[in-house]
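The values are calculated or read from the model by the stated rules, or taken from the named source; none is laboratory data. For clarity, every value in this text was computed on a predicted model and none was experimentally measured. Cβ placement follows ideal geometry from the backbone for every residue including glycine, while neighbour counts extend to all protein chains displayed. Surface accessibility is based on the protein's heavy atoms, side chains included, excluding ligands, DNA and RNA. Shrake-Rupley method; radii C 1.70, N 1.55, O 1.52, S 1.80 Å.
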Amino acid sequence: MSKPIVALVGRPNVGKSTLFNRLAGERLAIVDEVPGTTRDRMMGDSEWTGHPFYIVDTGGIDPTSGSSKSPLSVGSADFITDIKQQAFIAISDADVILFVVDAISGVTSADHEVAEILRRQQREVNGVWYPPILLVVNKADSKGTRETALDFYELGMGEPYPISSIHGTGTGDMLDALVNSFPKEEEEEDDDSVKIALVGKPNVGKSSLLNKLVGQERMIVSPIAGTTRDAIDSHIEYEGIPVTLIDTAGIRRRGKVEPGVEKYSVLRSMKAIERADVALLMIDAVEGISAQDAHIAGFILEEKKSTVVVVNKWDAIEKDSFTMEAFTEKIRQDLSFMSYVPLIFISAKTGQRVDQVMPLALKVQEERLARLTTSTLNRIIQHAQDMHTSSQSGRVFKMYYGTQVRSDPPTFLIHCNEPKLAHFTFVRYLEKQIREEYPFSGTPIHIVFKKR
């Protein structure tokens, strides 16, 4: 089952970003006393009692925007609308909502209006209202403010959970209730198909490529960025191999997003990557590789998924004998952390090299499942240690024995004298030596050191 999405929602300046930073375990959100600082949804990973989940911070819903009472009324109407839109889309994507209010300010008319907005977003499924909403009373740092949390019962949102995002008090009980409200895991039907996700920025040609691969106009193809709103599965069989193609909504760079449902499907796209075995990272040949392409590649790597870089719209490029070589070198530079990934240059519009995409993706999946024998791995380890010494503070790093403990992705466990002595340059060198023996093309490999 994929990780649940938990959205932090509430009026501005109730401490959502501070709570996000505590749950995510790092300062990913900007925290400022000025209401409305968080303009974009921000996503991080969190975990409680063995239950991993995504945490999403949103801009504050301000029902009074446009009035003189609004703390955001000094900003532009478009800005306020954008914050609202982000919050509404986060709500529609969420599995659970944390409705955050301020214990110091007490119950406000804005809190009542936000509560009503959230109620309107819920839907009844088999007698249960979905998504569940937990009322989180933040800034309850003292005994007095914790007692005022009872006043929030009047919002009609159930039991209030008084917490302090800054100090962490009360968050344990709140998190216990949160994980108990997660959707129950359902038994998944057996699905042995190879799952391939098409990912990339909007309007890069994902739906056009899917139509070519499926052999029919399965997806709406439009020049308007963001036509595909949800991740949609297409089931095909390629040379006897069952394949699930996942066409995702385009991922836009934060700060370039405009209001509208089709522009806010980042979470769905990332969850599609999470489900996939292989990601086809599509790059626009006309625009060239961008920071956002590298960002998407980084997320694929974090999820340890296999990758093929697909450079689309190659028919629109004026070429000479060095064009492909130069473009390849540029991509290799910008995606230096994924040097093992194969590239293919196609035109989904004309069909150029599209017939090579599926064989390459399936080859990468095959490499993902490959295994090295223990004797081969230990020969590589011994050679690497003879050729490259890693040491820190006068202590030399020594490896004794290694084995591949799993595939999908390939994972190697190496017994050593002290894992902390394995410098990242040595780990990179060791990975290179392993790939020289067997390339594991398009697939990340994971090396774990364990003290003997």
Fill in the blank from the handout: Taking segment 412-438 and keeping only residues that are closer than 30 Å to residue 196 by Cα and either exposed (fewer than 13 other Cβ atoms within 10 Å of the Cβ) or basic (Lys, Arg) (or both), one is left with 428, 432, 435, 436
Handout entry: Residue list for segment 248-284, restricted to those being buried (at least 24 other Cβ atoms within 10 Å of the Cβ), in a loop (DSSP other than H, G, I, E, B) and at pLDDT 75 or above
Key = 276
Practice task
Need at least 3 residues that are hydroxyl-bearing (Ser, Thr, Tyr) and within 17 Å of residue 382 (Cα to Cα) per element, so show me which strands (runs of 3 or more DSSP E) inside segment 396-452 make the cut, counting only ones lying wholly within it.
Solution key: 399-406
Exercise for the section: With the checklist (1) at pLDDT below 80; (2) open to solvent by 10 Å² or more (accessible area, probe 1.4 Å) in hand, flag the one item residue 119 doesn't pass. Expected result: (1)
Problem - Hits in segment 400-411 (condition: within 24 Å of the chain's Cα centre (by Cα) and surrounded by 18 or more Cβ atoms within 10 Å (Cβ to Cβ)) - result: 409, 410
Exercise for the section: Give 350, 376 a once-over and let me know the one that is surrounded by 12 or more Cβ atoms within 10 Å (Cβ to Cβ) and modelled with pLDDT of 95 or more. Expected result: 376
Handout entry: Hits in segment 439-451 (condition: out of contact with any helix residue (DSSP H, G or I) (no Cβ under 8 Å at 6 or more places or on another chain) and surrounded by 13 or more Cβ atoms within 10 Å (Cβ to Cβ))
Key = 446
Practice task
Mind listing just one residue for me: the one in segment 191-225 that is at pLDDT 85 or above and part of a loop (DSSP other than H, G, I, E, B) and, of those, surrounded by the most Cβ atoms within 10 Å (Cβ to Cβ)?
Solution key: 204
Practice task
Please enumerate the residues belonging to segment 313-333 that are modelled with pLDDT under 90, in a loop (DSSP other than H, G, I, E, B) and not aliphatic (A, V, I, L, M).
Solution key: 318, 319, 320, 321, 322
Exercise for the section: Restricting attention to segment 150-181, report how many residues are open to solvent by 20 Å² or more (accessible area, probe 1.4 Å) and aromatic (Phe, Trp, Tyr). Expected result: 2
Practice task
Scan segment 303-312 and give yes if some residue there is open to solvent by 40 Å² or more (accessible area, probe 1.4 Å) and modelled with pLDDT of 90 or more, otherwise no.
Solution key: yes
Practice task
Assess whether residue 362 counts as being open to solvent by 20 Å² or more (accessible area, probe 1.4 Å) and not aromatic (Phe, Trp, Tyr).
Solution key: yes
Exercise for the section: Would you check which residues across segment 94-115 are open to solvent by less than 10 Å² (accessible area, probe 1.4 Å) and farther than 11 Å from residue 139 by Cβ and list them? Expected result: 94, 96, 97, 98, 99, 111, 114, 115
Problem - Residue check, residue 357 under 26 Å from residue 283 (Cβ atoms) and either crowded, with 17+ Cβ neighbours inside 10 Å or more than 28 Å from the chain's Cα centre (by Cα) (or both) - result: yes
Problem - Segments classed as strands (runs of 3 or more DSSP E), wholly inside segment 127-190, with at least 1 members that are within 19 Å of residue 11 (Cα to Cα) and polar (S, T, N, Q) - result: 133-138
Fill in the blank from the handout: Here the residues within segment 1-12 that are more than 22 Å from residue 111 (Cβ to Cβ) and not in a strand (DSSP E or B) are 1, 2, 3, 4
Exercise for the section: Looking only at segment 13-62, count how many residues are open to solvent by 60 Å² or more (accessible area, probe 1.4 Å), modelled with pLDDT under 85 and not in a loop (DSSP other than H, G, I, E, B). Expected result: 1
Practice task
Take segment 384-399 and flag every residue that is exposed (fewer than 13 other Cβ atoms within 10 Å of the Cβ) and either touching a residue at least 12 places away in the same chain (Cβ under 8 Å) or within 17 Å of residue 429 (Cβ to Cβ) (or both).
Solution key: 386, 387, 389, 391, 392, 395, 396
